[in-house]
Every structure is written in structure tokens, then in C-alpha cells.
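Please read the structure below before turning to the comments.
The values are calculated or read from the model by the stated rules, or taken from the named source; none is laboratory data. Just so we're clear, the structure is a prediction, and the values are computed from it rather than from any experiment. Just so you know, the surface numbers come from the protein's heavy atoms only, side chains and all, with ligands and any DNA or RNA stripped out. Shrake-Rupley method; radii C 1.70, N 1.55, O 1.52, S 1.80 Å.
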Amino acid sequence: MIVEDLTETTSKVDILIVDDTPENIRFLASLLLNQGYNVRKALNGNMALTAVKSLLPDLVLLDITMPEMDGYEVCKRLKEDTQTAKVPVIFLSALDNVADKVKAFQSGGVDFITKPFQFEEVLARIQTQLTIQTLQVQLQVQNEQLRQALGDLQKTQVELLQKEKMAALGQLVAGIAHEINNPISFISGNLSPAKAYINDLLRLIELYQQEYPEPTPALQAAIAEVDLDFLVNDLEKLMGSMKTGVERIRSVILALRIFSRLDESDVKLVDLHEGIDSVLLLLQHRLNQERNLEVEVIREYGVLPSVTCYASQLNQVFFNIISNAIEALETAMKIGKFAVNHASAGTGERPTIWVKTEVTAANTVIVRIKDNGLGIAEDAKPHVFEPFFTTKGIGQGMGLGLLTSYQIVTEKHQGNLTYSSVPGQGTEFMVEIPVAAIVIT
């Protein structure tokens with residue numbers, strides 16, 4: 001009954017028999033061939049290693065006592081080679097000592113059958129090992145499927161979080177623009193007539209001074225109290241400062257609109273420099289903080305064509321990378337890498353971010369963003385673009401910024417996002433996208 005059941009399931013299984021006794025090989029081969037197995041033969045260890053490497057068998061039946069190279073050594077060499085390590089080896093030997101069996105398992109064997117043996121026992125143990133091998137392969141496939149499913153789940157989670165983040169940002173920008181734009185426009189529109197009215201009043205006061213050069217004691221006291229000469233001189237500066245402040249607010253609102261690309265199609269022709277400048281303006285408060293050291297930004301812009309892209313998403317990429325650069329510089333400042341007041345301590349260099357753009361002969365645009373911070377630690381480099389990986393403290397980051405940026409550049413724009421980093425010297429990220437990889441519909 002055992003023989004009949006096995007015949008139906010073993011027609012494609014390849015077994016290598018290794019034995020220096022031809023009679024043993026012929027006997028086993030004849031029986032296994034009758035069961036539907038494919039059988040190959042090797043008379044010594046070297047032939048066995050050559051046969052396994054030329055075509056991996058499903059299982060090896062290996063004798064122990066052979067000249068030049070015994071079965072232990074053959075099995076050990078098979079297990080040391082990554083290409084042959086997973087092939088199961090069953091020892092067939094007349095040796096019946098416990099120490100011999102232990103040595104066989106230590107060398108990598110999966111089973112040990114003592115001669116003389118019953119053929120039904122050999123068949124049953126072969127089938128057991130083949131079943132184990134099949135289950136291991138299935139388990140590996142399932143594990144790979146699970147890893148893929150987990151990766152897809154994390155990717156979907158990141159995309160959902162990014163969409164929610166961008167939607168919230170869009171609503172925030174829309175609210176700020178709506179709530180601030182009207183009163184700022186009102187103030188801006190009234191500054192010029194207000195200045196004209198004030199000038200008229202000042203001219204009227206000047207005319208009174210000419211017509212009545214000798215004011216009354218009460219007027220003289222009031223003029224001294226308000227310091228009229230200073231007031232007249234400072235009023236012009238005050239009006240200029242108010243105008244500058246209004247223009248600053250309007251430029252920030254414009255930067256927010258450029259950054260989020262409100263009321264625009266997802267894909268459009270854009271000037272990348274405009275988007276980068278909007279990001280730098282939005283991060284200005286972090287570049288110029290109240291401290292002895294400020295981050296210097298060096299723009300090295302090339303002549304770029306307009307690029308067809310998902311503008312708001314690409315601006316998010318620049319925002320993420322530049323934010324990380326600022327954080328790297330802040331960390332370097334805390335440990336004293338940079339000089340205080342640029343001269344008295346540290347390395348003597350200033351914390352700096354370089355933003356360089358260029359167009360290539362392959363009709364792609366490259367944006368390089370470099371900092372002179374502490375660089376990326378060697379153990380963190382393999383995980384930079386992994387979901388939820390972060391070197392920040394708890395509650396300071398979710399580990400989504402660079403992964404999201406990588407997906408936007410590589411998947412949305414068919415480009416490349418790479419980086420180079422030297423510990424202690426800094427990091428440079430390079431964004432490369434085709435000028436016209438996306439068709440506007």
C-alpha cells in the first residue's frame with residue numbers, strides 16, 4: 001500500500017544517490033525508479049558536489065564511508081554553500097554508533113538510516129523529508145506574501161496620512177487666506193491715503209508755525225510734551241514700517257498659496273524655483289531664529305524650463321527635505337559644531353543649506369539640497385526611506401516625510417530621490433525628475 005500511494009506523488013522528484021559501492025547504488029536506484037523518482041548517481045564526494053551544483057536535486061541519499069572525502073565532509077560543504085544549503089541530506093550508513101549519528105546531524109544531515117534497512121522505511125523517510133521541504137517552500141512563499149502585504153498596507157497607510165495632511169493643510173491655507181487677505185487688503189489700500197492725510201496735517205502745522213512764530217505758553221508746553229520735531233521725523237519711518245509689514249504678510253499668504261497650489265489643477269507647468277522659494281519663506285522663522293547662529297541659505301539656481309508635475313506634492317518634497325536639513329543643523333548647533341558669533345568656538349564654519357538646480361542633457365531637472373550638519377549615522381542609512389522610521393524622539397516625528405517624498409518623486413513623477421552623507425560633514429539629497437514625464441489632460 002505504501003508503494004502504491006507514493007508512486008502517484010513522486011514522478012518529478014529528483015534524488016541524488018552518493019555511494020562508493022556500485023551495487024548499492026544500482027539497488028537503490030532500481031527501487032526508486034520504480035516509484036517514479038528521477039535518480040542520479042555519484043560514486044564519490046567530488047562527483048556528488050559537482051552533480052549538486054550543476055543541477056540542484058530535491059534530496060540527497062549520502063553514504064558516510066567513502067575514500068578521499070567522506071559523507072560528513074560532503075554534507076558540510078553543501079551546507080556551507082548558500083546555493084546548495086537547503087537541499088536535504090539523508091545519511092545511509094552501516095555505522096550504528098551514537099557518536100556517528102550525532103556527527104551526521106552536526107554536519108547538516110536531516111535524517112540517518114542504518115544499514116541494512118527496509119525499503120519501505122527508506123521510502124517513508126524520503127517522503128517525510130520531501131513533505132517538510134515542500135512545506136518550508138510554501139511557508140517561505142507565504143512569508144513573502146505577508147511581507148508584501150505588510151509593505152502594501154504601510155504604503156497605503158502612508159498615502160492616506162499624506163492625503164489627510166495635505167487636505168488639512170489646504171483647508172488651513174484657505175482659511176488663513178480668507179481671514180487675513182481682506183483686512184490686509186483694507187489696510188494696504190488705506191495706507192497711501194492715510195500717509196497723504198498725515199502729510200497734509202504736517203504741512204498745515206508747518207504753515208501755522210510760519211504764520212504764528214510765537215505760540216502761546218500752552219502750545220509751547222504741548223509741543224515740548226509730544227516732541228514735535230521727533231514725531232514729524234519718525235512718522236515717515238513709521239508709515240514705511242507699516243507698509244513693509246503689510247507687504248510681508250501678503251508675501252507669506254502668497255507663499256502659502258504657491259506651496260499648496262490652491263484652486264489649481266493637480267498637474268500643471270510650474271517654475272520649480274518659485275516653489276522652492278515659497279518653502280524657504282515659510283521656513284524663514286526656523287532659518288533665522290533668536291540665537292547667535294542663523295542658518296545661511298545659498299541658492300545656486302540654474303536656468304530651468306517649466307516642469308510638468310504635481311506642483312503641491314513636489315513642494316511637499318522640498319519642504320520635507322529642507323525641514324530635515326534644518327533639524328540636522330539644529331542638532332549640530334546644540335553639540336557645538338559651529339562657531340559662536342562665527343569666530344570664537346566650534347569649527348569656524350556657519351550652519352548652511354545649499355539649494356542647487358540644474359537641467360541635464362537627458363531632459364531631466366535636478367534639485368540638490370545639502371546641509372553641513374552631522375550627517376546620517378551608518379546604522380540609519382539603510383532605513384532612511386522605510387515607513388515610520390525616525391531618529392527623532394518620541395512625539396517629534398512619525399517617520400513619514402522621506403518615505404512620502406520618495407513615493408512622490410519615484411511613483412508620481414517617474415524620477416529618482418537619492419542621498420549621500422558623510423558622518424560629521426553633512427548630507428545631500430538629490431531630486432531628479434523628467435521635465436515632461438506627466439501628460440496634462
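Apply the Karplus curve 6.51 cos²θ - 1.76 cosθ + 1.60, θ = phi - 60°, to the phi angles in region 73-84 and return the couplings in whole Hz, x for Gly and Pro.
With coefficients 6.51, -1.76 and 1.60, one gets 5, 4, 5, 4, 5, 4, 6, 6, 8, 4, 6, 10 Hz.
What are the aspartates and glutamates whose alpha-carbon lies under 15 Å from the alpha-carbon of Lys334, with same-chain residues fewer than 8 places away excluded?
Cross-link targets: Glu290, Glu294, Glu349.
Run down the lysines and flag those whose C-alpha is under 28 Å from the C-alpha of Lys76, throwing out any fewer than 8 positions away in its chain.
Lys12, Lys41, Lys53, Lys86, Lys101, Lys103, Lys115
Largest first, please: the extent of the C-alpha atoms of region 1-139 along each principal axis, to the nearest Å.
Each principal axis gives a Cα extent; for region 1-139 these are 38, 34, 27 Å.
Check cross-link reach from Lys155 to the lysines: straight Cα distance under 20 Å, and skip same-chain residues fewer than eight apart.
Filter leaves Lys163, Lys165, Lys381, Lys412.
Any idea of Tyr310's accessible area? Nearest 10 Å², probe 1.4 Å.
Approximately 50 Å² of Tyr310 is accessible to the 1.4 Å probe.
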